[in-house]
1. Can you tell me the length gained on complete extension of the stretch A189 to R89, counting 0.36 nm per residue apart and subtracting the Cα distance?
2. Would you mind computing, in nm to one decimal, how far apart the modelled labels at V19 and Q168 are, each placed 7 Å from Cα along Cα→Cβ?
3. What length, rounded to one decimal in nm, is gained on full extension from V210 through to L121, with 0.36 nm per residue of separation minus their alpha-carbon distance?
4. For a quick check: with amide H placed at 1.01 Å from N, whose amide H comes under 5 Å from D179's, ignoring anything fewer than 5 positions away on the same chain?
5. According to a simple spin-label model (label point 7 Å from Cα along Cα-to-Cβ), what is the distance in nm between L131 and D35?
6. Once you charge only the Cβ atoms, +1 for Lys and Arg and -1 for Asp and Glu, what is the size of the charge dipole of the range 6-125 about its Cα centre, to the nearest 20 debye?
7. Putting +1 on Lys and Arg Cβ atoms and -1 on Asp and Glu Cβ atoms, find which of L42, Q24, C55 reaches farthest to the positive end of the dipole of the range 15-104.
8. Compute the FRET efficiency between K239 and Q151 as 1/(1 + (r/R0)^6), taking r as their Cβ-Cβ distance and R0 = 35 Å, and round to the nearest 0.05.
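Any read-out appearing in this document is the output of simple, stated calculations on the displayed coordinates, not a laboratory observation. Since we're looking at a predicted model, the values are computed, not measured. Positions of Cβ are backbone-derived with ideal geometry, glycine not excepted, and every protein chain shown enters the neighbour counts.
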Amino acid sequence: MTLPPATGPLLYEGKAKRVYATDQVDVVAVEYKDDATAFNALKKAQLLGKGALNCRISALLFEHLERLGVPTHYLGLHGDHWMMVRPVRVVPVEVVVRNVAAGSLCRQMPITAGTPLDPPLLDLYYKDDALGDPLLSEVRLERLQLVTSAQMEAIRDLAYRVNDALRQLFAEVGLELVDFKIELGFTGAGALVVADEISPDTCRLWNRAVSDAQERILDKDRFRQDLGGVVEAYGEVLKRVQGVCPEPRVYG
Ligand code: TMP
């Protein structure tokens, strides 16, 4: 067990992470919690080890993106469930890219789960728990004036680049990237970067070698659907990804 980094005040607490100030103005510390929530926190549990697994998986994926020229907020790991990141002004839009139909898409549209989506579908949601993260239309997005249209174009472009990079990486280790959610933010210098986390909490990942619709699930759907084996599934994702990625760097 590594000691937490020297942190300042708690800046923000979300459902799965806490963000703390550090003694450097351009660095914040993110603690990954073992808390699991679903359906806007209607369903909750503590899953021992989930925080550390998601922290390490996110570190590996952020570093992979960085190697491919996709900018992220990530700076380095610190201990087993902490990472240091650049502080960003998070754009309150959740960007979802879907390669295969699943989840809310199949609840809201007459489309069978498992149908390939080519080209991938990009959905935007307004990040607001009180409103239940509603799906945005182009005109609603414009009306909210959260970003300029040029910034929105840059966000879409980055989301597709993340999809291309991660889809290929996961395919190499026998996993299908069904869909995922990312959040983006602007650094103090005004650069647009991928922020938040990228983990089995925020991606749907199916084991390509398994055809059973429940058994193949290696992501938070195991928790959402009460399938059990959540931490074991996340551990399998980590094992596979770390088999093809360099050891993540330690901050400092
Ligand atoms: P959805 O099918 O529920 O719309 O989810 C699409 C993807 O986004 C899926 O990989 C899970 C992820 N996601 C989050 O990371 N956070 C959320 O709050 C929701 C609803 C989905």
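1. Length gained between A189 and R89: 34.9 nm.
2. In this crude label model, V19 to Q168 measures out at 3.0 nm.
3. Going from the current span to full extension adds 29.6 nm.
4. Answer set, sorted by chain and number: N99, R204.
5. Inter-label distance under the simple model: 2.3 nm.
6. 340 debye
7. Looking along the dipole axis, the top candidate is L42.
8. For K239 and Q151, the calculated efficiency is 0.40.
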